[in-house]
Amino acid sequence: MFRGEVDEGGALRVRPRPGDPDPSPLLDNIPSAVGHRARIPRPAVRRGWWEGGPGPTDRRGRDGFVEVGWDEVLDRLAGELRRVRDAHGPRGIYGGSYGWASAGRFHHAQSQLHRFLNTAVGGYVGSVGTYSGAAAETILPHVLGPSGPVSKGTVTWEQIGAHTDTVLAFGGMAIKNSAVAAGGVSAHIERAAMAAAARRGTRFVLVGPLRTDLPPEADARWLVVPPGSDTALMLGLLHTLVVDGLHDVAFLDRYCVGWEVLEEYLLGKSDGTVRDAEWASGITGVPAGEIVELARRAATGRTLVTVAQSLQRAEFGEQPVWAGLALAAALGQVGLPGGGFCYGLGSIAYYGRRKVAVPVSPLPQGRNGVREYIPVARIADMLLHPGEEFDHDGRRLRYPHVRLAYWIGGNPFHHHQDLGRLRRALGRLDTFVVHEPAWTATARHADVVLPATMTIERDDIGATSLDPVMSAMHRLVDPPGEARDDFTIFTGLAERLGAGPEFTEGRDVRAWLAHLYERTRAGLLRQDLPAPTFDEFWAAGEVELPLRADDGGLLAEFRADPDRKRLPTPSGRIEIGSRTIADFGYPDCPGHPAYFAPTDAPDGRHPLWLVANQPATRLHSQLDYGAHSAAAKVAGREVVRIHPVDAAARGVVDGQVVRLFNDRGACLAGARVTDDVAPGVVQLPTGAWFDPADPADEVPFCVHGNPNVLTRDVGSSALAQGCTGQHTAVQVQRWDGPLPPVRAHEPPPIEPRGGRR
Ligand SMILES: Nc1nc2c(c(=O)[nH]1)N[C@H]1C(S)=C(S)[C@@H](COP(=O)(O)OP(=O)(O)OC[C@H]3O[C@@H](n4cnc5c(=O)[nH]c(N)nc54)[C@H](O)[C@@H]3O)O[C@H]1N2
Ligand SMILES: Nc1nc2c(c(=O)[nH]1)N[C@H]1C(S)=C(S)[C@@H](COP(=O)(O)OP(=O)(O)OC[C@H]3O[C@@H](n4cnc5c(=O)[nH]c(N)nc54)[C@H](O)[C@@H]3O)O[C@H]1N2
Ligand SMILES: [Mo]
């Protein structure tokens, strides 16, 4: 959370919320948004669509745009929505529109879009799950409980500081990641929490390919493992516990089901392969003696197993989540203060915190009249294979035939994998509509581009159910050109579709903010707490919200009374083996945690792992043109980290531009040579705006460093069908050719109306 003001020279200055112990440097990106040439000033329409009408085409991303007035574009778009609805029903429209948008709760883009499509069009084809965590979100309800309740408001940093002896941090808990949370962060507490725990004696063990995944303050021991191998290490640890008799049989009996299935698998009784420390060592490269020692250490004192979200954003991503839970259960620690299992701790600033004790209202979305949906990351599959069947979480579903996609508050050319395939898939649409503050690659691939405001240009409320501060996000500057709030844009469309009152309920922005605030205020009143009126809250700039007790939530309750406080799983217990999942019959997700060797892994032609993780210098692709993001680039390109041995083998020196490639695509990046990254692994974060050398290329070549030209577009498994963007295999070579210019942050060609083609 931040404060901002405009100085006498008209420049916006932002500063962190007073009292934040470790403010995020990402704030430095925000002032760059004011007046930046990447902003979209006026509605723009792809010339081919404006002149030739809707229909599948390979011109998206290649045609120039014409600028049009708001009234004429809203008239045309309302007509197109009506055409698609009348011809195909609302199931002809995709409104899944994944994306983070901005922190405010009222102008939350997806909520606005869903509300509009539900109230004015009758619904839309939606999506389930997130790119962040679909694999975990799908498996956890079968084996422990819904991912939110079991990992938020259960284990806290306070408990770790007081109780935890060992933290086994699979994938680490990088400070860059807890810089953010949807809804805003009032105080960044993670660094100090780790420092305090380490001072008291907590031993942090970082498992993963990158040293910087824990801060120096955690004073961690770094166990280097290759991507995709954590499940093998967990199984090796479990095997050691079993053969040493260190597993907590009483806990497994009383609180779990299915342990015997896993034990047979560990001991090789089911298939002849013994998953002992030697076996795990062969896969992970961690010496067997160290695995044994780590298992013994974990079995003494309070141990917390954390699994970063990254591990499950990968092929077979369900497995490390399930195996991590099994490890914590075998240690008998689930539900103890500062012990057990926490998915996502450190991945984002929601975890490790206490829950707020009053309701925080989202914008009501209305009722969706369409039942069809897709797992969120299957968007390109859906467009390329309408009518075909696919598996998801025990169901056999069919891809709907979508004609119009409406995207706001998200950037598929940032978040989706295999961008060459995504571009082909979007070519199948009749119409692609996007609201965007800036000319992202997604906007450039759209037919209708409507300029949207961003946070600093409108009033909103910032809040989450895991932060004790609700903040009044005051408008600080005027929007560029003719940009409008999404709410205003949808109001104009809803009126044209005869549903204005249904969409707005007669409220303007201010009335909506007051309306949403009222529920929180009522909660405060019920608890006899200071409950400022909306106007008082707005003038004060924030209101403090009460927190729930640090009581371990649902997992501690279950531990205290497993018969009356059953877990929301089929058996009411922790499912180390799951009948339900076994009965689905998925070869890539059997009825117990299992290790599968990744199939998208290094080979002779592409000998390096690519870790495509979250960027340290921005939120996803947002404000990639901002000062902090831009300052970190090398030769104007995103930075790839490479180990000195791998760099030397390729004649690459620090600061040089390199080309990363595989069969799906290629990109340029600036090399940073460092032993912070494991040998055999290169790391290129997401978020550099896709900038193809030639947008018509079948195999895209991004000159700016977007790793999603390289990643593979397949689901984690038939269970979750989650995003697998975190890992792929690549080759890296020095780029000795002339450096192509980076034009990612330049607007596309705007052509005169009725002019040349
Ligand atoms: N290879 C690989 N790919 C990944 C990941 C990975 O680990 N590796 N991680 C995945 C994860 S976890 C995520 S969450 C996704 C993130 O993917 P996204 O959430 O799609 O990424 P953002 O850059 O946050 O996109 C938000 C877009 O909304 C726009 N926007 C902001 N505010 C507003 C608004 O008020 N109105 C409108 N109309 N637009 C607005 C921004 O300008 C921006 O373009 O990426 C995923 N992709
Ligand atoms: N600064 C910043 N913070 C963010 C975001 C952002 O865009 N910018 N995005 C937010 C969002 S939406 C999300 S979902 C979270 C995501 O949180 P995560 O998914 O946890 O974040 P990542 O940075 O993608 O990955 C964390 C680390 O996991 C390690 N890793 C990757 N693969 C493996 C593996 O197979 N095994 C092991 N042991 N380690 C591995 C990598 O070294 C990586 O640095 O981050 C949030 N925080
Ligand atoms: Mo995410």
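The values are calculated or read from the model by the stated rules, or taken from the named source; none is laboratory data. Here the structure is a predicted model, which is why all the values come from computation and not from measurement. Note that each Cβ is placed from the backbone with ideal geometry, even for glycine, and that neighbours are counted across all protein chains shown.
Summary of computed values
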read-out: Candidates GLN726, GLN731, filtered to the one that is under 21 Å from SER127 (Cβ atoms) and either touching a residue at least 12 places away in the same chain (Cβ under 8 Å) or within 16 Å of ligand 2 (Cβ to nearest atom) (or both); value: GLN726
read-out: The one condition in (1) within 16 Å of ligand 2 (Cβ to nearest atom); (2) in a helix (DSSP H, G or I); (3) small (Gly, Ala, Ser); (4) in contact (Cβ under 8 Å) with a residue 24 or more places away in the chain that GLY183 fails to fulfil; value: (2)
read-out: Answer residue from the stretch 718-750, given it is in a loop (DSSP other than H, G, I, E, B) and charged (D, E, K, R) and is farthest from ALA630 (Cα to Cα) among those; value: ASP736
read-out: LEU466 part of a loop (DSSP other than H, G, I, E, B), modelled with pLDDT of 95 or more, more than 8 Å from ligand 1 (Cβ to nearest atom) and at negative phi; value: no
read-out: The stretch 89-105, residues that are under 19 Å from ALA499 (Cβ atoms) and surrounded by fewer than 24 Cβ atoms within 10 Å (Cβ to Cβ); value: GLY89, PRO90, ARG91, GLY92
read-out: Counted residues, the stretch 650-704 - those being more than 14 Å from THR728 (Cα to Cα) and among the hydroxyl-bearing types (Ser, Thr, Tyr); value: 1
read-out: The stretch 401-450, residues that are without any contact (Cβ under 8 Å) to a residue 60 or more places away in the chain and under 23 Å from GLY89 (Cβ atoms); value: ALA425, VAL434
read-out: Condition broken by VAL321, with the remaining ones in (1) over 18 Å from ALA232 (Cβ atoms); (2) surrounded by 24 or more Cβ atoms within 10 Å (Cβ to Cβ); (3) within 16 Å of ligand 2 (Cβ to nearest atom); (4) among the β-branched types (Val, Ile, Thr) satisfied; value: (1)
read-out: Filter result for VAL703 (touching a Leu at 6+ places or on another chain (Cβ under 6 Å), β-branched (Val, Ile, Thr) and either within 12 Å of ligand 2 (Cβ to nearest atom) or on the phi > 0 side of the Ramachandran plot (or both)); value: no
read-out: Residue in the stretch 342-363 that is of a type outside the set (Gly, Ala, Ser), within 16 Å of ligand 2 (Cβ to nearest atom), surrounded by fewer than 24 Cβ atoms within 10 Å (Cβ to Cβ) and under 25 Å from ALA308 (Cα atoms) present; value: yes
read-out: Answer from VAL73, VAL84, VAL66 - the residue that is assigned to a strand (DSSP E or B) and modelled with pLDDT of 95 or more; value: VAL66
read-out: Filter pass, GLU575 being over 21 Å from LEU466 (Cα atoms) and buried (at least 19 other Cβ atoms within 10 Å of the Cβ); value: yes
read-out: Evaluation of TRP100 against (1) more than 11 Å from ligand 1 (Cβ to nearest atom); (2) assigned to a loop (DSSP other than H, G, I, E, B) (one fails), failing number; value: (1)
read-out: Selection count, the stretch 393-418, where residues are within 16 Å of ligand 1 (Cβ to nearest atom) and either out of contact with any Leu (no Cβ under 7 Å at 6 or more places or on another chain) or not in a helix (DSSP H, G or I) (or both); value: 12
read-out: Filtered residues of the stretch 115-152 (kept if more than 16 Å from ligand 2 (Cβ to nearest atom), surrounded by 23 or more Cβ atoms within 10 Å (Cβ to Cβ) and not in a helix (DSSP H, G or I)); value: TYR124, VAL125, LEU144
read-out: In the stretch 600-614, the residues that are buried (at least 23 other Cβ atoms within 10 Å of the Cβ) and near ligand 1 (Cβ under 8 Å from one of its atoms); value: ALA612, ASN613
read-out: Residue check, THR711 within 17 Å of the chain's Cα centre (by Cα), surrounded by 24 or more Cβ atoms within 10 Å (Cβ to Cβ) and outside any strand (DSSP E or B); value: yes
read-out: Pair list, Cβ under 6 Å, 6 or more apart: the stretch 2-29 residue surrounded by 12 or more Cβ atoms within 10 Å (Cβ to Cβ), other residue assigned to a helix (DSSP H, G or I) and of a type outside the set (A, V, I, L, M, F, W, C); value: LEU12/PRO31; ASP22/ARG191; PRO25/HIS628; ASP28/HIS628; ASN29/HIS628; ASN29/SER629
read-out: PRO530, sole failed condition from (1) closer than 20 Å to ALA101 by Cα; (2) surrounded by fewer than 18 Cβ atoms within 10 Å (Cβ to Cβ); value: (1)
read-out: Residue count, the stretch 530-575 (criterion: more than 30 Å from the chain's Cα centre (by Cα) and in a helix (DSSP H, G or I)); value: 9
read-out: Residue match in the stretch 2-12 (condition: among the β-branched types (Val, Ile, Thr) and either within 18 Å of LEU429 (Cβ to Cβ) or modelled with pLDDT of 95 or more (or both)); value: no
read-out: Residues within the stretch 300-314 that are within 15 Å of ligand 2 (Cβ to nearest atom) and assigned to a loop (DSSP other than H, G, I, E, B), tallied; value: 3
read-out: Checklist (1) surrounded by fewer than 21 Cβ atoms within 10 Å (Cβ to Cβ); (2) over 21 Å from the mean Cα position of the chain (by Cα); (3) farther than 30 Å from PRO707 by Cβ applied to SER465, failing item; value: (2)
read-out: Residue within the stretch 25-32 that is touching a strand residue (DSSP E or B) at 6+ places or on another chain (Cβ under 8 Å) and within 16 Å of ligand 3 (Cβ to nearest atom) present; value: yes
read-out: Cβ-Cβ under 7 Å pairs, at least 6 apart or on other chains, the stretch 606-624 side under 21 Å from THR212 (Cβ atoms) and of a type in the set (A, V, I, L, M, F, W, C), far side modelled with pLDDT under 95 and not in a loop (DSSP other than H, G, I, E, B); value: LEU619/LEU26
read-out: Test: residue in the stretch 104-114 that is of a type in the set (A, V, I, L, M, F, W, C), within 24 Å of the chain's Cα centre (by Cα) and either more than 27 Å from PRO747 (Cβ to Cβ) or assigned to a strand (DSSP E or B) (or both); value: yes
read-out: Selected residue (only one of PRO216, PRO226 is farther than 20 Å from GLY317 by Cα, more than 16 Å from ligand 1 (Cβ to nearest atom) and assigned by TED's automatic domain parsing to the domain that holds PHE170); value: PRO216
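The rows are residues; the columns are (1) surrounded by 23 or more Cβ atoms within 10 Å (Cβ to Cβ); (2) at negative phi.
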position	(1), (2)
THR154	yes, yes
ALA198	no, yes
ARG203	no, yes
GLY228	yes, no
